[in-house]
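Enquirer: Here's a structure for you.
The values are calculated or read from the model by the stated rules, or taken from the named source; none is laboratory data. All values derive from a computational prediction rather than experimental measurement. Here the Cβ positions follow ideal geometry from the backbone for every residue, glycine too, while neighbour counts run over all protein chains shown. Heads up: the accessible areas ignore ligands, DNA and RNA and are worked out on the full protein's heavy atoms, side chains in. Shrake-Rupley method; radii C 1.70, N 1.55, O 1.52, S 1.80 Å.
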Amino acid sequence: MCGIVGYIGKQDASNIVLSGLKRLEYRGYDSYGICFIEKDKHHLFKRVGKIEKTEQDFLNKNFKGSVCIAHNRWATTGLVNEENAHPHCDCKEEIFVVHNGIVENYKELKEKLIKEGHKFSSETDTEVIAHLIEKYYKDNLENAVKRALDDIRGTYGLVVASVKEPDKIVVARMSSPLIIGVGDNEFLVASDPSAIISRTRQIINLDDGEIAVLEVNNIRIYKEEKESKKDIQIIDWDIELAEKDGHEHFMLKEIMEEPNVIEDAMRGRLLDDMGMVKLGGLEGVENKLREINSLSLVGCGTAYYACRVGKYMIEEYADIPVEVDFGSEFRYKKPIIKKDGGILFVSQSGETADTLSCLKEMKEKGALTLGITNVVGSSQARETDAGVYTRSGPEISVASTKAFLGQLTVLVLVTIYLGRQRNMSMVMGKRIIDELKRIPELAKKILKQKEEIEKIAQKYKEYKNFWFIGRKYNYPIALEGALKLKEISYVHAEGVAGGELKHGPLALVEESFPTIAICPSDSVYDKMISNIEEIKARKGLVIAIATEGNEEIKKIVDDVIYIPKTLEMLTPLLSVIPLHLFAYYFAKSLKRDIDRPRNLAKSVTVE
Ligand code: F6R
């Protein structure tokens, strides 16, 4: 996730792009950059941090111009600093690019370009695009962009401008959002309409594979050399809705992004033929990881539940015993440092005080510290010996949803990595990878049922207590489902391991205490059915999360939400999606402040 704004027209662009960037800060806010293009001249401004802190610096520079490209960064490759902020340029500082997406093959392209004499000034994947365009440039910017994109594997929303042809902007899109705003003698480009809606409501949606050339009075759009005819659409949303991509709340927007998050977390990291994964962030500790005989996983809240799922994965497929702890507990128990052990910290923000304090303590004691984090350059990312980013993009809603999917996906990759260092066969590695690649499509199928899930949530909206039950891989998902429901709807919800019901919790079951039972057709399905029957015998209502094709379950339970069949270890990546939707619609029916639930904060930086 990043935000892009561009302008070509007859007006001064400074305030237009600045206000556009501010509107897009929800897409990324670790740094930003603005570049004005003139004949043989450019003015470049970059700063780290939120715009409001430094916008006066920008305005004081008094840059003026009517061709401008700008970018809000959410770091994925390279630390948060001015060098890595966009726009990036070629060696001669003639071609400037802003980019949202991931260039999967950037390392090999960069090596080749360096051998050919190109000089790089950032660590980003984006900079290779500027140098490739420079390499292929022969008096026509759009031709050079087209040629450069042929070399690139990955995703992009891309805007390019050059001081050699200051009368045009070239725009390209592949799996990253980009729209063109059509104004009076002007065109705007943006990642979404919120950035430009105050200037024009007429937009053209670019499709994947399309390249547009914008001039003050002219637009040409091409796909595979052929000119495309595109309709202009009129935006009738307000600005706030546009930021949320038309969704009422960020939480729903973020749930709808879950398939993309899974895809982005694995992008460029799968070595399909070898049944292996490539995790650049672990390369430095590869040999140490080969030696470890135990692992502790530490996180808080939702991240802790991801650790609980990770335990099942790593123990089953990598044969390493795993302990899981809350950050807030781990620090106060006696830490036993094992020479052949490692500690893996999981955190969306990378700033959670409970998790960070354990990390600092364990580092001082000499433990091997690893991290899974979403925020590049966060304290956790800087402090750990090695780690993997989830690349989930900014999560705005306080309740964590898409970040959980990013964490689970990376945990699958880590499991394959550790497993293949040990006893996992190539065939098994390939099998998991093949199935993991299907998960984004299967996840989209679940999201298509959102209206039915909303109806079920509304049906149960008067209830004040809920059980969530699951076993094995789906026990942590029961915990996550209960947490999500309680934190945004303020009703009482508890997650219980299915087999534990009869050891106490069953005493509470009655008609007014419904249960959500996660019971996909896996190795513990029969046991889950016995638990459901125990509840039904006490008149408890049951909503089942079951595998598609299981018609039998309808005879036992009150409502069913279906998820597609997949490998047992990957079911949490699917079974949690209906629970996120259920919590969302339940809270919505109670008219709760969904994105900002009472008493809670997004990043918990106190212990
Ligand atoms: C729940 C939620 C919290 C966080 C927890 C850890 O929806 O958002 O439980 O998961 O505070 O935060 P991070 O992952 O940033 O360490």
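Enquirer: Does segment 370-380 hold any residues that are crowded, with 24+ Cβ neighbours inside 10 Å and away from the ligand (no atom under 11 Å from the Cβ), and which are they?
Expert: The one that is crowded, with 24+ Cβ neighbours inside 10 Å and away from the ligand (no atom under 11 Å from the Cβ): LEU370.
Enquirer: Enumerate the strands (runs of 3 or more DSSP E) found wholly within segment 140-211, keeping only those where 3 or more residues are of a type in the set (D, E, K, R) and open to solvent by 10 Å² or more (accessible area, probe 1.4 Å).
Expert: On the way: elements: 156-162, 165-174, 179-183, 186-190, 202-205.
The strands (runs of 3 or more DSSP E) meeting that bar are 165-174.
Enquirer: Taking the conditions exactly as written (surrounded by 24 or more Cβ atoms within 10 Å (Cβ to Cβ), assigned to a helix (DSSP H, G or I) and among the β-branched types (Val, Ile, Thr)), does ILE488 satisfy them or not?
Expert: Details: surrounded by 24 or more Cβ atoms within 10 Å (Cβ to Cβ): yes; assigned to a helix (DSSP H, G or I): yes; among the β-branched types (Val, Ile, Thr): yes.
Yes: the conditions hold for ILE488.
Enquirer: What number of residues within segment 3-44 satisfy the criterion of being closer than 20 Å to ASP125 by Cα and open to solvent by less than 10 Å² (accessible area, probe 1.4 Å)? Full working, then the answer.
Expert: Filtering segment 3-44 down to residues closer than 20 Å to ASP125 by Cα leaves 3-5, 27-35, 44.
Filter again for open to solvent by less than 10 Å² (accessible area, probe 1.4 Å), leaving 3-5, 28, 31-35.
Residues flagged as closer than 20 Å to ASP125 by Cα and open to solvent by less than 10 Å² (accessible area, probe 1.4 Å) within segment 3-44 amount to 9.
Enquirer: Moving on to the next point. Which condition does LYS333 not pass, out of (1) in contact with a helix residue (DSSP H, G or I) (Cβ under 7 Å, 6 or more places away or on another chain); (2) more than 16 Å from the ligand (Cβ to nearest atom); (3) basic (Lys, Arg), if it passes all the others?
Expert: With respect to (1) in contact with a helix residue (DSSP H, G or I) (Cβ under 7 Å, 6 or more places away or on another chain); (2) more than 16 Å from the ligand (Cβ to nearest atom); (3) basic (Lys, Arg), LYS333 is out only on (1).
Enquirer: Among the residues of segment 31-40, is there at least one that is in contact (Cβ under 8 Å) with a residue 60 or more places away in the chain and closer than 29 Å to SER349 by Cα? Please lay out each step first, then the result.
Expert: In the first step, residues of segment 31-40 are kept if they are in contact (Cβ under 8 Å) with a residue 60 or more places away in the chain; the result is 33, 35, 37-40.
So of that shortlist, the ones also closer than 29 Å to SER349 by Cα come out as 33.
Yes: segment 31-40 contains one or more residues that are in contact (Cβ under 8 Å) with a residue 60 or more places away in the chain and closer than 29 Å to SER349 by Cα.
Enquirer: Need the failing condition index for ILE453 against (1) part of a helix (DSSP H, G or I); (2) open to solvent by less than 10 Å² (accessible area, probe 1.4 Å); (3) within 16 Å of the ligand (Cβ to nearest atom), just the number.
Expert: (3)
Enquirer: Report, by residue number, each residue of segment 82-118 that is part of a loop (DSSP other than H, G, I, E, B), under 16 Å from TYR136 (Cβ atoms) and touching a strand residue (DSSP E or B) at 6+ places or on another chain (Cβ under 6 Å).
Expert: At the first step, the residues of segment 82-118 found to be part of a loop (DSSP other than H, G, I, E, B) are 82-87, 90-94, 101-102, 104-105, 116-118.
Narrowing the set further to residues that are under 16 Å from TYR136 (Cβ atoms) leaves 90-92, 94, 116-118.
Within segment 82-118, just GLU94 meets the criteria.
Enquirer: Separate question: If you scan segment 223-247, which residues turn out to be open to solvent by 40 Å² or more (accessible area, probe 1.4 Å) and under 26 Å from ASN143 (Cβ atoms)?
Expert: LYS223, GLU224, GLU225, LYS226, GLU227, LYS229, LYS230
Enquirer: In segment 49-62, which residues are in contact with a Ser or Thr (Cβ under 8 Å, 6 or more places away or on another chain) and surrounded by 17 or more Cβ atoms within 10 Å (Cβ to Cβ)?
Expert: Pass one, segment 49-62, residues in contact with a Ser or Thr (Cβ under 8 Å, 6 or more places away or on another chain): 49, 58-59.
Of everything in segment 49-62, just one residue is in contact with a Ser or Thr (Cβ under 8 Å, 6 or more places away or on another chain) and surrounded by 17 or more Cβ atoms within 10 Å (Cβ to Cβ), namely PHE58.
Enquirer: Separate question: Can you pull out the residues in segment 499-535 that are open to solvent by 60 Å² or more (accessible area, probe 1.4 Å) and in a helix (DSSP H, G or I)? Give the steps one after another, and end with the answer.
Expert: If we filter segment 499-535 for residues that are open to solvent by 60 Å² or more (accessible area, probe 1.4 Å), which is where we start, we get 500, 502-503, 507-508, 510-511, 523, 526-527, 533.
GLU500, LYS502, HIS503, ALA507, LEU508, ASP526, LYS527, GLU533 - these are the residues of segment 499-535 that are open to solvent by 60 Å² or more (accessible area, probe 1.4 Å) and in a helix (DSSP H, G or I).
Enquirer: Also, I was wondering about something else. Sort out which residues of segment 564-607 are in the same structural domain as ARG471 (by TED's automatic domain parsing), more than 23 Å from SER489 (Cα to Cα) and either more than 21 Å from the chain's Cα centre (by Cα) or in a loop (DSSP other than H, G, I, E, B) (or both), and write them in order of number.
Expert: PRO564, LYS565, THR566, LEU567, GLU568
Enquirer: Which of the residues belonging to segment 212-242 are closer than 20 Å to ASN15 by Cβ and either part of a helix (DSSP H, G or I) or free of Cβ contacts under 8 Å to residues at least 12 places away in the same chain (or both)? Spell out the reasoning first.
Expert: Let us first name the residues in segment 212-242 that are closer than 20 Å to ASN15 by Cβ, namely 214, 216, 239, 242.
Residues satisfying the conditions are ILE239, ALA242.
Enquirer: Which one of PRO394, PRO440 is within 16 Å of the chain's Cα centre (by Cα) and away from the ligand (no atom under 16 Å from the Cβ)? Spell out the reasoning first.
Expert: Values: PRO394 fails: away from the ligand (no atom under 16 Å from the Cβ).
On inspection, the qualifying residue turns out to be PRO440.
Enquirer: Next question, about the same structure. Here is a check on your reading of the model: is GLU248 away from the ligand (no atom under 16 Å from the Cβ), of a type in the set (D, E, K, R) and in a helix (DSSP H, G or I)? Step through it out loud before you land on a result.
Expert: Values: away from the ligand (no atom under 16 Å from the Cβ): yes; of a type in the set (D, E, K, R): yes; in a helix (DSSP H, G or I): no.
No, not satisfied.
The rows are residues; the columns are (1) closer than 18 Å to SER162 by Cα; (2) touching a Phe, Trp or Tyr at 6+ places or on another chain (Cβ under 8 Å).
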residue	(1), (2)
ILE51	no, yes
GLU83	no, no
HIS88	yes, yes
LYS92	yes, no
ILE95	yes, yes
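Enquirer: Provide a single number: the residues in segment 83-139 that are under 21 Å from the mean Cα position of the chain (by Cα) and open to solvent by less than 50 Å² (accessible area, probe 1.4 Å).
Expert: Count: 14.
Enquirer: How many residues are surrounded by 21 or more Cβ atoms within 10 Å (Cβ to Cβ) and of a type outside the set (Val, Ile, Thr) when one looks only at segment 458-471? Even if it seems obvious, please write down each step before you answer.
Expert: Of segment 458-471, the ones surrounded by 21 or more Cβ atoms within 10 Å (Cβ to Cβ) are 466-471.
This time we only want the ones that are of a type outside the set (Val, Ile, Thr), so: 466-468, 470-471.
Matching residues across segment 458-471 total 5.
Conditions (1) more than 27 Å from SER523 (Cβ to Cβ); (2) more than 16 Å from the ligand (Cβ to nearest atom); (3) modelled with pLDDT under 95, marked per residue:
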residue: TYR460; (1), (2), (3): yes, yes, no
residue: TRP467; (1), (2), (3): no, yes, no
residue: TYR473; (1), (2), (3): no, yes, no
residue: ILE477; (1), (2), (3): no, no, no
residue: LEU483; (1), (2), (3): no, no, no
residue: VAL496; (1), (2), (3): no, yes, no
residue: PRO505; (1), (2), (3): no, yes, yes
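Enquirer: Of the residues GLU323, GLU315, which is more than 10 Å from the ligand (Cβ to nearest atom), free of Cβ contacts under 8 Å to residues at least 24 places away in the same chain, closer than 23 Å to PRO572 by Cβ and not aromatic (Phe, Trp, Tyr)? Full working, then the answer.
Expert: Working: GLU323 fails: free of Cβ contacts under 8 Å to residues at least 24 places away in the same chain.
Going through GLU323, GLU315 in turn, the sole match is GLU315.
Enquirer: Just one of (1) closer than 23 Å to LYS450 by Cβ; (2) touching a helix residue (DSSP H, G or I) at 6+ places or on another chain (Cβ under 7 Å); (3) of a type outside the set (Ser, Thr, Tyr); (4) surrounded by 21 or more Cβ atoms within 10 Å (Cβ to Cβ) trips up LEU590, so point out which.
Expert: (4)
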